[in-house]
Structure formats: C-alpha cells, structure tokens
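As structure tokens, the structure follows; a few thoughts come after it.
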Amino acid sequence: MTPGLHLALRYAAVLVLLLSLTMCGRAPLAELPPLPTEPSRDTVPAAVSPRAVQEVLNARCVVCHACYDAPCQLVLTDPEGLARGASKQAVYRSERLSAAPTTRLFTDAKSTVGWRSLGFFSVTEPGDDGTTTLMQSMLQLGIAHLFPAGEKLPTAVGLDIGRELSCPAPDEFADYAREHPLGGMPYGTAPLSRTELETLGTWLAAGAPHEDSPPAVPRSVASQVTHWESFLNGPSLKERVVARYLYEHWFQAHLFFDDLVAGPFFQIVRSRTPPDQPVDEIATRRPYDAPGVDTFWYRLRPVTGTIVHKTHTLYALSRERQARLASLFLADDWEPTRFPSYQPEQASNPFVTYAEVPARARYQYMLDDAQYFVMSFIRGPVCRGQIATNVIQDHFFVAFLDPDHDISITDPRFLASSKEDLSLPAEHLSRLSPSELVLQYRGAQRSYLERRNDAYQSAAPAGPALDWIWDGDDKNTNALLTVFRHEDNATVIRGWQGGWPKTAWVIDYPLFERIYYDLVAGFDVFGSAAHEAATRLYMDHLRMQSENNFLSFLPPQHRESIHASWYIGATRSLDYRWADELRDAEGPTRVSFQASGDVKVQLFEQILEENSAVAGPPDPLNRCKHGDCDRPETTTLERQTEAALRKLSAVRGPWVQTLPEVTRLRVRSADQAAAWTLVRNIDHDNVAYMFGEQKRIAPENDTLTIRRGYLGSYPNFAFDVPLDELDQFSASLQGITGPEAFSTTASRWGVRRTSERFWPVMDWFADDFRDRSPREAGLFDLGRYQNR
C-alpha cells in the first residue's frame, strides 16, 4: 500500500467515524476520533517540517492565539510560545488588588523550566496516558463535534472576549471535554481541512519538533543593525540621555529599515551583553525602571514570530532618520549635567527626567511620527485596550499645535515652572486609589492649567489663528490624523477621513508626552485595578484638555453649547465642571466664520484647505459634496462598488446600529475582487464615566464610515458579495431592523464562522492585505468575529 493511499484510507475512516458521531449525538471521551497521521515520519517529512506546521498554525490558530489576549496565554506566533504552553492565569483581571507577576514571552523566562515555574503547562507533550497531547485532544474534540455548515453557532459556544476560560491542564482534559463538548479546536469555527489535520497530526505524533534557533539576519541587514546599535550606545553623557529617551518611546515599536519593503522587523531592548554577543534582555516592568546593572547596551532584537496586525506598530529607521535625530538632539549646544534618576516619582515624569533636553527637540521628534505615537496609545502589545478606548469617542479628528505657537516650546521658563504639576499616576506603581488620584492630580492640573491660560492670554491676547495648527512643514502627512474606536481597540490613519465627527482634539507638547507616558510607557497590563482606574481617570483630563484646545479656535458664543453636546448627562459631574472652569470660554479667536452654518464643519474645512499639502486625498466616499465623486484612478469594479456604497455612508438610519463595529466586505466580479471595511461609529452621549457605557449611547445617531482596504485589526463579521448583487445587498442592508433581519442578510451574503467559505475568505483577506501593503500587513485577529 502506498503512503498516499494509506493516508487517504485513514482519513476516510475518520470521516466515517465523524459521520456516525454526528448522527448519534455527542461522542463519549473514550471515542474521540484520532487525528489523521502518517505513522512513519520518514515517509512524509514535509508534513512535519517546522515551516509547514507554522503555516497551518498561522492560518488557523494564530488568528486567535497571539498577544496578551491569547486564550489561556497560549501564544502560537513563535516556537517559543508553543514551548511555553498555556496558563490558567489571565492577563486581564480587572479585580486585581495588586500587580501580578509579568509573563511576557521572550522576556520574563528564558527556558521551558522557567515557564513551568511560572505555572505554564505543555500543550505538545503527552499527558497522563503517555501518548496524547493537550493539543491533539483539543483538535480531536473539535472534529468530534462539527457545527452545521453556514448556521449560527449554538448559544452554548461563548464568544465574549471577557468570558471565563477553563484552560485545562493535560490531566484535566477529560473533565473539560465532558463539561464543554463544543469547546474543541478550532474554537467555534468551520473545521480544519484534511491536509491541515494531517500536518498537525503527523507533527504532534512525531513529538512536535521545532527549529532550535531562528534564521540568521542577512548580512546586509546586520550591518544596518550594527550601525544603529553603535548610534544608540554612544559613550558620552549626552548620547546616553538621548538614547534613554528614544528607548522609552520605541520599546514597543516594530522597527524596520525603510529600504526593505517587508522587513525584517526589530524591537529595541536593554541587554546585559554588548553588540557582538547574543542579546540577554533585562526584564523590567516598565521601560523607565532601573535596569539593575551598572552597564547595559541597547540592542535591536529580531522579531522572529508571525506578524499579527494588532501589535504591528511600525517605526522606520534609515540614515536620513539617524541624521534627523542627531540634528534634533545632538547638534545643539545643550549639555546635560546628570544622568536622569530611575526613581519612579521622577522617571515616570518625562518633564522632570528629560528637563535638560530641549523641549522643541522632544516635541518635533514626536510630531515627525505622530501617527506612530498616537497609534501606540491604543494599539500594540496590550491588545485589549479598554483603558485607552472607553475614554474616547468612536470617531474624531486630531491636529497638533505648531511648535512656534506652543507656549511650552516658545517659553522654556513655562515648562520648567510646570514640570512638577505634570506628574503622572504611574509613579505610584499600582498603589494609588482613585480617590487619591482626584485629590493629588486634580489640584496639580488646576495649577498647571491656570498658569497655562495666563501665559497664552499674555502671549497671544488675540487668540489662536489657523497657522497655530501644525502644517507638517508642508510635507509631513502625520499632521492630521483620524481615530476610529472599535469598542476595546482602535485604528489611527493619516488624513481626516470619514464624515464630519462630533469631536476633535488639538494636542500640544505637554499633552502629547503625558498621553504617551500615561497610556504606554507608564501603563502596566499586569497592574492592579487601582492602576487601571487611575490611568483612565487621568486620561479623562487629558482628553478634555485636548478638546478644549480645539474649542478655543471656535467662536466664543458657540463653545459652551458644543462642549455640552459632547457631555450629555455629564454636565453636572465634577470633572465636567472642573474642566469648564479652566476653559477659556470667552477668549477671542482669529479664525473667521460665516454667520450661518455649522461652525465646526467650517473650521474643519478651513484647516483642510490651509493644510492641503499634507491633508491627504479627499474622502469622496464619505464626504461627497457635488454628486460626481468617482476617483479616476480606480478600477471599474471599484467605481461601481463605491457608487453603490456611497448610498450607505451618506445616510443615517436604524440599520446602522445593527451592524458590527468592523465589517469586512469583499466585492467580486468574474475576474476581479476588492475589499472594503465598514466601520460603525457608535454615538455616545458622553465618555466621561468608566462604567455603564451602554446606558450612554444614542444609536439613532450612529454613523458609518466606509473605506477601501482594511481598517481595524479585529474584524467582527464579513460579507462576500458578487458585483451584480451589490445593489440588492445595499438595499437589504438598509432594510435591516433588528437581529432577525440581519440574520436573513447574513444567510445570503454573510460569511459565518461555520461557513465552508469562512477560512477561504479569511485567507483571501490576509493575502490581499499582504499584496496591497506588504510592510503594514499582519494577520487579523478573529477572536472578536461575531456569531451573526
């Protein structure tokens, strides 16, 4: 018998068993079907090659098992994560009274023994029976209980990301299978293909072999790494201070060399070893914590695992970038007198730590890559960012105060006198209560804002003008940004995209730096509930200050009503009154407005016109003003699709509130296909409170943003529509009045989790994204894909 025939017969036997199990009901644990395997590893070596296995894991497992929100902390993006295994301890526990031990892959343990001491258990080593691994058992449970193709999942299959997970150890699997017979892998989706099952089954039967070390960095890339490591490890005090500042702002970035289209990517770490030796990372909870050694080096460590979009926050390195950094930080005649302290009360406050570094250099450095820094607030390793996202509206514009009009830049004495008032709650290391935050930080910010108002009234009594908005020096498209919130995650893109939003922010340097140190450098995902609450409450103040900066450009007589419209139901809260007291409600503006019309829209349009060189392309799909908004550079399929979709983005209606927050749409003709993303912008009466969000939304005001390509790391649903049915689809979508009507539309054009098309369509989106944007592309997370 040939190996191929043998495999076919074994797989056929499995299918017969599956059919009998489906007909007879749930399979007892002892009768779980085996995974199809080739008994002799030597006959099919390709099936157990690490590359072949990782391709299957990427396509079917990593799409849920990545980052801190991987179920049971089982991260499958890298062999290191597979060797680490799973844990019963959840990273996200809002009830924690004290900070938990950190369990960061690559960082907090350096061996399997180390991970076992932290409570992780194997998923690829045989359990008590000596033969079956936990991963095998989970896959067997999955093929024993197939879901009806194309139907909604049973309600017993929980999909809420906050659900309690069982995370059984190998010797607990029997109980798990009895209690959760529908909890096999892949969880709550269409089954794996025959080839995928064979690959995983053969690999697990062979002992789950993996490569001992990642591939070496190419020599041409290694030379660039050496060049940058030399730059970052300069010996002078000035170079050391600047390198520390850069590290604290890059520590979660995926660094890349801009002459390489698709990587490789690197992360900056502090290492006990110099550049000519393997990296030995120093593990600290925060990037500004003391390294614990007298001498260390900044190193670029390759990102060896699979790239997932939710953590893929890019920052470019090049010779031009190095020259720019040198000109900003090293060329001026400033000289530090000390190396900054690592004590938390100082290190958590960048205005104290880096007081000797020129503020203009720091602000310009952040402006140069503003999208990266804003994106880092709400995207990256944390992966589940409610702390950053339930404090913002679903759709808003961001602009920045020009350095030449920022009092913290133009008057060094102002920032020097304010630095103590700009402290942040992370200095208390998860031990600050919300009441202490109110008492300590509200007073400090009141003092700062009163001083700031006085300074601006003295320096610019006529008020702000349009040229106060940073114009990107007429070339940098980071100048204007759009933020879309998707419940517990968000997207940041360049340009002002989508319809006109309810709110906008104007960020100055003290705000920019504090938001970063509050939400990124100082935030601890393993921290206590008090730390999370303090971070959130402090961010409330920063949001209000950003909004007030925007309001200062509007006519004084409109500011109060516009401000109140952002805080419906919260205008009597202490925070609202506090912010209102400190807002310059009557100060003049030098921006001109027409007597009639929406003054916010007038301001948006004037800023776009004033900054046309960096504003990016217009958005005719969501803001079509004159009827004929086709883009000439698009294909016939794209033009026809956008003409149909424009009808959706131009109206509001009850159907919008029935949509998921992020919906993928593939439109296909006989020889073409293209992707769009539909983003539902939920209207909030206010975002002033941490709890009860569902009580403060106004669904009748929800809007829809439609964009060619991909927005969001976590698609919630997808439609696959033939071009000649697009008008019918559009009409059906607008006719949706509730869950049942949505289900009818989904039955015809939707791609449900159980659909036979589910994996092929998800693969198509991933491939299309990689083809369109090879550098930005990463696997989308399907853990939030809904059961519609």
Pick from segment 767-783, criterion out of contact with any strand residue (DSSP E or B) (no Cβ under 7 Å at 6 or more places or on another chain) and not in a loop (DSSP other than H, G, I, E, B), ranking: surrounded by the fewest Cβ atoms within 10 Å (Cβ to Cβ): ASP771
Residues that are part of a helix (DSSP H, G or I) and either out of contact with any Asp or Glu (no Cβ under 6 Å at 6 or more places or on another chain) or buried (at least 19 other Cβ atoms within 10 Å of the Cβ) (or both), drawn from segment 627-643: THR636, LEU637, GLU638, GLN640, THR641, GLU642, ALA643
Which numbered condition GLU605 misses (of (1) of a type outside the set (Gly, Ala, Ser); (2) assigned to a helix (DSSP H, G or I); (3) at pLDDT below 80): (3)
So THR273, is it more than 21 Å from PRO350 (Cα to Cα) and touching a helix residue (DSSP H, G or I) at 6+ places or on another chain (Cβ under 8 Å): no
Every residue from segment 519-573 that is of a type in the set (A, V, I, L, M, F, W, C), part of a helix (DSSP H, G or I), touching a residue at least 60 places away in the same chain (Cβ under 8 Å) and closer than 27 Å to TYR509 by Cβ: LEU519, VAL520, ALA521, ALA533, ALA534, LEU537, MET539, PHE550
Subset of segment 601-622 (residues that are open to solvent by 20 Å² or more (accessible area, probe 1.4 Å) and among the acidic types (Asp, Glu)): GLU605, GLU609, GLU610
Matching residues, segment 70-96, being of a type in the set (D, E, K, R) and either free of Cβ contacts under 8 Å to residues at least 12 places away in the same chain or assigned to a loop (DSSP other than H, G, I, E, B) (or both): ASP78, LYS88, ARG93, GLU95, ARG96
Wholly enclosed strands (runs of 3 or more DSSP E) of segment 216-335 bearing at least 1 residues within 19 Å of GLN364 (Cβ to Cβ) and open to solvent by 20 Å² or more (accessible area, probe 1.4 Å): 314-317
Residue check, GLY188 part of a loop (DSSP other than H, G, I, E, B), buried (at least 19 other Cβ atoms within 10 Å of the Cβ) and modelled with pLDDT of 95 or more: yes
Qualifying residue in segment 494-502 (condition: part of a strand (DSSP E or B) and surrounded by fewer than 24 Cβ atoms within 10 Å (Cβ to Cβ)): yes
Those residues of segment 135-168 which are crowded, with 21+ Cβ neighbours inside 10 Å and under 30 Å from the mean Cα position of the chain (by Cα), in sequence order: MET135, LEU139, GLY142, PRO168
Options VAL601, VAL662, VAL679: the member that is over 30 Å from GLY738 (Cα atoms) and among the aliphatic types (A, V, I, L, M): VAL601
Any hit, segment 97-117, residues being in contact (Cβ under 8 Å) with a residue 40 or more places away in the chain, under 20 Å from GLY183 (Cα atoms) and part of a loop (DSSP other than H, G, I, E, B): no
Scope segment 731-766; condition assigned to a loop (DSSP other than H, G, I, E, B) and of a type in the set (S, T, N, Q); matching residues: THR737, THR754, SER755
Qualifying residue in segment 609-626 (condition: assigned to a helix (DSSP H, G or I) and at pLDDT 90 or above): yes
Residue list for segment 737-752, filter: touching a residue at least 60 places away in the same chain (Cβ under 8 Å), closer than 17 Å to TYR785 by Cα and of a type in the set (Gly, Ala, Ser): SER743, SER747
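The values are calculated or read from the model by the stated rules, or taken from the named source; none is laboratory data. On a predicted model such as this, the values are computed, not experimentally measured, just so you know. No Cβ is skipped: glycine too gets one built from the backbone with ideal geometry, and neighbour counts run over all protein chains shown. Remember, those area values only see protein heavy atoms, side chains included, never the ligands or the DNA or RNA. Shrake-Rupley method; radii C 1.70, N 1.55, O 1.52, S 1.80 Å.
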